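Working notes for the structure below.
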Amino acid sequence: MPGPDGRPFVGAWSGSTSAPSGAARSLSTRVSARGLALSAAAAAAVALGGCDRASEPAVNRGSVSAPSDEESARPVAAEVPPDASAATDEPVPIVGSIDSGDRSAAFAETPRPPEPRGSFRPADPRIDIARRMIQTQEFAVAEVALRTVLREMPGTAQAEFLLGVAIQKQKRYGEARTHFERAITLKQSYPEVDHAFHFLGWAEYYLGDMTASRQAFEEHLRRVPDEADSVFGLGLVALEEDRTDDAEALFLRNLDMLLKRGVVPRVDVAKARARLGDVYLRLDRDADAERELISAVRFYPDAYEAWAKLARIYDRAGRTDDAAEARSKEREALRRLGRQGPEEAPAADGRTAPGGAAEPGFGAEGDAEGASSDVGDAAAPSQSGAGAAARGFVGGTR
């Protein structure tokens, strides 16, 4: 379990791994039964695709229209068995953590996915069941199932990775980071291994460690060069570090990668445009910022943060009517999302917090992990689902 600062404790574990408790065995039986009850069609529909955008709520990322009010407001399923607390409170063995500083050597030692992919079989069938639960946004139930597996089979890297994803989707980033680091230091090959770095990047971002976040995203791109969401994550890190030239180049690269896919993910494009607007605001280039923010709300009208920034630009320019209209649009977007009014809402700091968590209107966590439709938020630092790896999960990687 993580320490008070969110970092993992390193050392011996005092719990027993030899025999699961009666509650764990009961839970294991119910989880297995639940998984077996999943239809073949549902299982096929959630075929694994890669990483997740650290962590974001369900958002329509289609290319035709913005999400409906019903879709934006749809709650995430999170059924927790009656004895879940007993199963999740027990610690799992600590395998190890990654030292701070230059992590490239440790990252390079992690193997690549098995080839051919179809040759891989999970160490336990409940791992596949839990993965499908993540894809259907049943994060709390998946967490319980994976803790049960790890209690019986400690040191299973794929289960550690998926447990990290399930926890990150619940915005517990420090704990999620611990499991991603374990999955990496175990040096095992499994289909999602490359994407452990993507999710680790978002966890580090949300926890405020920009150096570690950058190293993780860079490793993910070394392994998966076409992952637009990790490019977006690097742009957020650069913006956080006030490297505005790098941030601008990375967000433009992210947009180029998205648009070359043929089918344009509206939410992801809107996020990139909005963050470009942030870059230009920081550089006092209000005309460029206005252009990008207008583009963002055209792609995704519920981007309330973009409307608020447009209103401030119009205030500075003395365009009173335009400012009033932008604030009206902001209030409408907040109502559609079931959010509080801007006068009651906490000021957004521009962080998506890996992440970020993931408000559909691009609030504090609206960028990420989350970024892909993987396992994250639409509003978190990540683009919530744009990532190839994340698309194998649900809700985004950031």
| task | Just give me the residues in the range 300-326 being surrounded by 20 or more Cβ atoms within 10 Å (Cβ to Cβ) and basic (Lys, Arg), in sequence order. | result | Lys309
| Unmet requirement for Asp226, which otherwise passes all of (1) at positive phi; (2) modelled with pLDDT under 95; (3) charged (D, E, K, R) | (1)
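Within the range 264-279, identify whether any single residue is outside any helix (DSSP H, G or I) and basic (Lys, Arg), and answer yes or no. Full working, then the answer.
Our first condition is that a residue be outside any helix (DSSP H, G or I); within the range 264-279, this holds for 264-265.
When the remaining residues are screened for being basic (Lys, Arg), the result is none.
No, the range 264-279 has no match at all.
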| Does the range 257-298 hold any residues that are of a type in the set (D, E, K, R), under 21 Å from the mean Cα position of the chain (by Cα) and modelled with pLDDT under 95, and which are they? | Arg261, Arg266, Asp268
| Residues of the range 280-313 being part of a helix (DSSP H, G or I) and among the basic types (Lys, Arg), which ones? | Arg282, Arg291, Arg298, Lys309, Arg312
| request: Go through the range 282-334 residue by residue and tally those that are among the charged types (D, E, K, R) and on the phi > 0 side of the Ramachandran plot. | output: 1
| query | Pro225 is checked against (1) within 28 Å of Arg126 (Cα to Cα); (2) outside any helix (DSSP H, G or I); (3) without any contact (Cβ under 8 Å) to a residue 40 or more places away in the chain and fails just one. What number does that condition carry? | reply | (1)
| request: Could you tell me whether any residue of the range 280-298 is out of contact with any Phe, Trp or Tyr (no Cβ under 7 Å at 6 or more places or on another chain), free of Cβ contacts under 8 Å to residues at least 60 places away in the same chain and under 24 Å from Glu204 (Cβ atoms)? | output: yes
| query | Restricting to the range 321-344, what's the tally of residues that are more than 11 Å from Ala311 (Cβ to Cβ), touching a helix residue (DSSP H, G or I) at 6+ places or on another chain (Cβ under 8 Å) and modelled with pLDDT of 90 or more? | reply | 5
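Which of the following residues is surrounded by fewer than 24 Cβ atoms within 10 Å (Cβ to Cβ), part of a helix (DSSP H, G or I) and at pLDDT 95 or above: Glu175, Glu160?
Details: Glu160 fails: surrounded by fewer than 24 Cβ atoms within 10 Å (Cβ to Cβ).
When all the criteria are applied, what remains is Glu175.
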| said: What pairs come out if I take residues in the range 249-265 that are free of Cβ contacts under 8 Å to residues at least 24 places away in the same chain and of a type in the set (Ser, Thr, Tyr) and pair them with residues that are crowded, with 24+ Cβ neighbours inside 10 Å and in a helix (DSSP H, G or I) whose C-beta lies under 7 Å away, six or more apart or interchain? | reply: none
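The values are calculated or read from the model by the stated rules, or taken from the named source; none is laboratory data. Small disclaimer: the values here were computed from a predicted structure and weren't measured. Quick reminder, even Gly has a Cβ in these numbers, built from the backbone with ideal geometry, and neighbours come from all protein chains shown.
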